[in-house]
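Student: Right, I'll just put the structure down here and ask away after.
The values are calculated or read from the model by the stated rules, or taken from the named source; none is laboratory data. Only a predicted model underlies this, so the values are computations on that prediction, with no experimental measurement involved. For neighbour counting, all protein chains shown are included, and Cβ atoms are generated from backbone atoms with ideal geometry for every residue, glycine included. Heavy atoms of the whole protein, side chains included, go into the accessibility calculation; ligands, DNA and RNA do not. Shrake-Rupley method; radii C 1.70, N 1.55, O 1.52, S 1.80 Å.
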Amino acid sequence: MKAGVVVFPGSNCDHDAWFAINENLKGNAKFIWHDSPDLGDVDAVILPGGFSYGDYLRCGAIARFSPVMAAVKKFAADGGLVIGVCNGFQILVEAGLLPGALLRNQDLRFICKEVRLRTETSNSPFTSLVPQGSILRIPIAHGDGCYFADDRTLDELEAEDRVAFRYLDNPNGSKRDIAGILNKERNVLGMMPHPERACDPLMGSTDGLGIFQSILANIPVLSK
Amino acid sequence: MKITPELIKKHQLTQGEFDKIVSLLGREPSYTELGVFSVMWSEHCSYKSSRIHLRKLPNEGKYVVQGPGENAGVIGIGGDWVVAFKIESHNHPSYIEPFQGAATGVGGILRDIFTMGARPIAVLDSLRFGEPNPKNMRILAGVVSGISHYGNCFGVPTVGGECKFDDSYAGNPLVNVFALGVCKKDEIFYAKASGIGNPVIYVGAKTGRDGIHGASMASAEFDEKSMEKRPNVQVGDPFMEKLLLEACIEAMQTGAIVAIQDMGAAGLTSSSCEMGSRGGVGIDIDLDKVPQREKGMTAYEMLLSESQERMLLVAEKGREEEVFHVFRKWGLDAVTIGVVTEDGILRIRHQGRIEAEIPNPALADEAPKYDRPHNAAPYRKFPMEGPAEIVEVDCNAALLKLVGSPDLCSKRWIWEQYDYQVRTNTLAGPGSDAAVVRVKGTDTSIAMSLDGNGRYCALDPREGTKLMVAECCRNLATTGAVPVAATNNLNFGNPERPEIMAQLVESIEGMAEACRHFESPITGGNVSLYNETLGEAILPTPVLGIVGLMKTAAPVPSAFREEGLSVVLLGGFGTTDATRFGSTEYAKVLLGQTWGLPPALDMDYELSVHNAMRAVAAEGLAGSAHDLGDGGLAVALAECSYGGIGAAVAIPDGRADFSLFHEGPSRILVSTKVPERVLELARENGVEAVVIGATMKARLQIQNGMRSLIDIPVADLSNTFESALPNLIHTTNHA
């Protein structure tokens, strides 16, 4: 697999994603600068965490206008795998690739801690190797992670099995404990927790590995 | 403008200092020049009261690559790798505007690190506030969200620190921020201008009117009108700083940069004059070329502005475009504003006129240096004698009260607001004895501890400072690391008062002795004086940030992890008496008083304990290790138990309050499967060690003889520990 990690001005988990894939998974990741009009030769795209464009105006609201996002949209429309983590999730939502919005955490403070997630579906290229119902310990680090959508959208997400992860102890007020969701076509995942921080035993958890391994395992199928 | 005595006084220069300026220049300074001198000769920039004493500190050692005098100290960590680190205070601005004051404090120290070519990988902060009340907790909340805002967005993990309370900080909170960065040895950059004719390039944010005279503000006491100084506090933009970091590191790789210096306190003035004076050259600057945020700024305002996120660099002539190219990529301003000259003069042009023309050495090297009187006894706020009788209280209640007290309670409410994991290097984060980050690409990790103890120092500045150094080194030893260098932040009151100056001198001398003893030279730091409001000084609060090395591996955890392990008290029970007991948290919290002397320290013995601990860690014998500090043995046992595993422990007969809560140093709690070997290693190092009990599920029990002193469910301890700070913040905010 060759993964492209998009670097927006203000991305700061770009290197962590790169390291997880190249070092912890012995995969192949490269950086893609935000003003590239095309993605080059990649099989999957990662929109990393951070504060793209300082998160001024609204988290992810400026990044969606980056030249690279047009390429990401096309890549996704063609069936390419796109995963947005934290700020990357916020960007996917702002770009209309995923429904809903991420609001300020309900207690209005930034929170960094390890949380427990329940895997809600194995029916996705991001979770095919993660058994449904399995509990993952993965850290969060965000100020705006409260997932919001209207009830109709939430019902639809659930009816279509598009909730990928839920919090066991909802840390931020997200509707229906949602921590990560899929698009209709199931090739775009957005999640607030940081799986790239849980790929190394030294960091305390390796529960994020399954997500990247799933991507790795599914790439050949999808790229045919 | 005519220079009047009032104008001189307004610039916080004495008549003597003004006369010296006149003699250095051979004429009266212009108004702009007066402004330049006032900031460069301020206490904050010139260290005029402390310089002659700072020389007493050790600054050399086998790991030291760069000692004091640069933007940050640098030490080798093995192979080609080095780390750059330093501490900086932002006390005064944080009182006036907590959020921005603290945020820009983080920004300033980060620039000091990446100016050296090192990418920041860790931040720790040492905070002091007045005892919890609505006003002080609002300051705390503002400071914490400022640090969180800046560090998180910039992308540096805040991996540790400390936060304590005393009413002497009510009008003068302390915000000391430590940062550490990493690079290869041949990638270090210095702030030494050279190459006559080389362009001087301004990069980063535009210059505005914010922060004018910030350095002078930091060099004066507060009074009733302090809040009027709000416009002197700068506004930070961490996004801009992140871009500046990436652009600077990328530009450095072009090889076109000769020297680089951030614009911190005193902005453009200090960066140009310091780069010039270090290189023995002059710098000629045309202010018309400086990117400006506001219209109609005068030379005086531009020179003294402390707008954030700006850098000054010297590039090789003819290679400017390579530098500009990188900064354009990151969307940042980069403009040639001047040139390196051979005459050694800082020359400032504005609108076709020469606004200042000052020999660089006059500003930097000739800055006043005072041997301020310090022959008085150090100022002492607390009595030597305690209460006639120290009444013993119920130990269970005392322990619960202590673990829920402001100084000892969990600071989770603070550190969960910091991203302590970004860059995926954090092996031990907040809440650990020492923070540990790995250095990717090497097999080395960096252990860090930031500590201060104003109460001990108030009782005896020399001994208190030694105890603090010992504690920092002990924190590192528990994780198995060896301390190799340190940075210090000296927070004191008004040095023009001999009894305050005496505190400072005693403290520096104590620090010098201890840092020599523990082979941890001071590679740089910061002095923050005039921490007084309405004539009342803060507790003397030297803070030490210590850096140690260890092989990358999971560090020894501080909490008990497994039941049925032996609990060894490495170093022994220690002793105290009625005088020394007055310095404890127990005395402060349970008896409401502080008196006497700090605990007695034997530095030879302390070092032996560290060596024994490192030997235990090296052999993988420690299931957990946690040093005894504030609150003594009982609090340390409670701290080991918060994870759910407690212990049953027996201690010798004697006064229960003394033996449970005295704060004698040189002690570490180790849980282990092989106590015999731990005792043996202790013996080999000449250290006492006692098996005092065993870990067990869910309860903490301590008895002496047949008497039960403590018997508490661990859940009660951890609930009290965790809920205390949120409760204090919640109740005081709604009071």
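Student: Compute, for chain B, the length of the dipole vector about the Cα centre, with Cβ point charges of +1 (Lys, Arg) and -1 (Asp, Glu) only. Units Debye, rounded to 20. Provide the component values of the computation, followed by the final result.
Tutor: Numbers: 67 positive and 91 negative charges, 196 e Å.
With Lys and Arg at +1 and Asp and Glu at -1, about 940 debye.
Student: Right, another one. Provide the FRET efficiency to the nearest 0.05 for the B:ASP365-B:GLU389 pair, computing r from the beta carbons and using R0 = 60 Å.
Tutor: On the way: r = 59 Å, r/R0 = 0.98.
Rounded to the nearest 0.05, the efficiency is 0.55.
Student: How big a patch of accessible area, both sides summed and in Å² to the nearest 100, lies buried between A and B at a 1.4 Å probe?
Tutor: Chains A and B together bury roughly 2400 Å² of accessible area.
Student: Filter the chymotrypsin sites (Phe, Trp or Tyr not before Pro) in the range A:1-73 to those in DSSP coil with at most 16 other Cβ atoms within 10 Å of their Cβ, and list the result. Can you show the working numbers first?
Tutor: Values: sites: A:TRP18, A:PHE19, A:PHE31, A:TRP33, A:PHE51, A:TYR53, A:TYR56, A:PHE65; in loops: A:PHE51, A:TYR56.
When the chymotrypsin sites (Phe, Trp or Tyr not before Pro) of the range A:1-73 are filtered for loop state and at most 16 Cβ neighbours within 10 Å, A:TYR56 remain.
Student: Here is a further query. How large a share of the accessible area of the protein assembly as shown, in percent, is made up of carbon and sulfur atoms when the probe is 1.4 Å and the other protein chains stay in place?
Tutor: The nonpolar share, carbon plus sulfur, comes to 51 percent.
Student: If you take every residue apart from B:ARG667 with its C-beta less than 10 Å away from the C-beta of B:ARG667, what net charge results, scoring Lys and Arg +1 and Asp and Glu -1?
Tutor: Within the 10 Å Cβ shell, the charges total -3.
Student: Can you list, largest first and rounded to whole Å, the semi-axes you get for the range B:603-699 by taking the square root of 5 times each eigenvalue of its Cα gyration tensor?
Tutor: In descending order the semi-axes read 21, 17, 12 Å.
Student: If you average the sequence gap of Cα pairs under 8 Å that are 6 or more apart and divide by the length of chain B, what percent do you get for the contact order? All intermediate terms of the calculation are to be shown ahead of the outcome.
Tutor: On the way: 1915 pairs, mean separation 113.5, N = 735.
Dividing the mean separation by the residue count of chain B yields 15 percent.
Student: Place +1 on the Cβ of every Lys and Arg and -1 on the Cβ of every Asp and Glu in chain B, take the dipole about the Cα centre, and give the residue among B:LEU243, B:THR579, B:ILE260 whose Cα lies farthest towards its positive end.
Tutor: Working it through, the farthest residue towards the positive pole turns out to be B:LEU243.
Student: Using a Debye calculation, one point per C-alpha and no hydration shell, please list log10 I(q)/I(0) for the protein assembly as shown at q = 0.05, 0.09 Å⁻¹ in order.
Tutor: Ignoring solvent entirely, the Cα scatterers give -0.30, -0.97.
Student: To continue, here is another question. I'd like the FRET efficiency for B:LYS56 and B:LYS673, computed as 1/(1 + (r/R0)^6) with the beta carbon distance as r and R0 of 56 Å, rounded to 0.05.
Tutor: 0.75
Student: Can you give the local net charge around A:GLY143? Use residues other than it whose beta-carbon is closer than 11 angstrom to its beta-carbon, Lys and Arg +1, Asp and Glu -1.
Tutor: So the surrounding residues net to -2.
Student: Given a cut-off of under 8 Å on Cα pairs at least six residues apart, what relative contact order in percent is computed for the range B:612-735?
Tutor: On the way: 177 pairs, mean separation 39.8, N = 124.
The normalised contact order for the range B:612-735 reaches 32 percent.
Student: Grab the alpha carbons of the range B:101-225, take their convex hull, and tell me the volume per residue in Å³.
Tutor: About 153 Å³ per residue, rounded to a whole number.
Student: Can you work out the FRET efficiency for the pair A:GLN213 and B:GLU316, with r the C-beta to C-beta distance and R0 = 56 Å, to the nearest 0.05?
Tutor: 0.70
Student: Counting other Cβ atoms within 10 Å, which trypsin sites (Lys or Arg not before Pro) in the range B:347-407 have at most 15 and lie in a DSSP loop?
Tutor: When the trypsin sites (Lys or Arg not before Pro) of the range B:347-407 are filtered for loop state and at most 15 Cβ neighbours within 10 Å, B:LYS369, B:ARG380, B:LYS381 remain.
Student: If exposed GluC sites (Glu not before Pro) are those in a DSSP loop with at most 15 other Cβ within 10 Å, what is the longest stretch of chain B that has none?
Tutor: B:61-223
Student: How much length is gained if the chain between A:LYS184 and A:PHE65 is pulled fully straight, taking 0.36 nm per residue apart and subtracting their Cα-Cα distance, in nm to one decimal?
Tutor: That works out to 40.6 nm of additional length.
Student: Which of these, A:PRO195, A:PRO48, A:PRO37, has the largest mean-square fluctuation under a Gaussian network model of chain A (Cα springs below 10 Å)?
Tutor: A:PRO37
Student: Kindly identify the range B:412-479 as rounded, prolate or oblate by the Cα gyration tensor criterion: order the square roots of the eigenvalues as a ≥ b ≥ c, call it rounded if a/c is under 1.5, otherwise compare a/b with b/c, prolate if a/b is larger, else oblate.
Tutor: oblate
Student: Could you state the accessible area per residue of the range A:2-223 in Å², with a 1.4 Å probe and every protein chain left in place? Please report the intermediate quantities before stating the final value.
Tutor: Values: 8010 Å² over 222 residues.
Each residue of the range A:2-223 exposes 36 Å² on average to a 1.4 Å probe.
Student: Cross-link list B:LYS62/B:LYS86; B:LYS56/B:LYS588; B:LYS62/B:LYS184; B:LYS185/B:LYS369; B:LYS9/B:LYS289: which exceed 22 angstrom alpha carbon to alpha carbon?
Tutor: B:LYS56/B:LYS588; B:LYS185/B:LYS369; B:LYS9/B:LYS289
Student: Dividing the Cα convex hull volume of chain A by residue count, how many Å³ per residue is that?
Tutor: Roughly 104 Å³ of hull volume per residue.
Student: Be a star and scan the range B:265-296 for residues whose amide nitrogen sits under 14 Å from the point 7 Å along the Cα-to-Cβ vector of B:GLN351.
Tutor: Backbone N within reach: B:287-289, B:295-296.
Student: Which aspartates and glutamates, if any, have their Cα less than 17 Å from the Cα of B:LYS673, not counting same-chain residues under 8 positions apart?
Tutor: Qualifying aspartates and glutamates at Cα under 17 Å: B:GLU562, B:GLU563, B:GLU619.
Student: Regarding chain B, what's the average projected area of the Cα-atom convex hull, expressed in nm²?
Tutor: 29.9 nm²
Student: Two decimals is fine: what is log10 I(q)/I(0) at q = 0.16, 0.24 Å⁻¹ for the range B:488-575, from a Debye sum with one equal scatterer on every Cα and no solvent?
Tutor: -0.83, -1.16
Student: Modelled label-to-label distance, B:LYS329 and B:ARG655, 7 Å Cα→beta-carbon offset: nm?
Tutor: 6.7 nm
Student: Within the range A:2-223, how many Lys pairs sit with Cα atoms under 27 Å apart, leaving out pairs fewer than 8 places apart on the same chain?
Tutor: Close lysine pairs found across the range A:2-223: 13.
Student: I've got another one for you. Relative contact order for chain A: what is it in percent, counting Cα pairs under 8 Å that are at least 6 residues apart?
Tutor: Numbers: 531 pairs, mean separation 45.2, N = 224.
About 20 percent, as a whole number.
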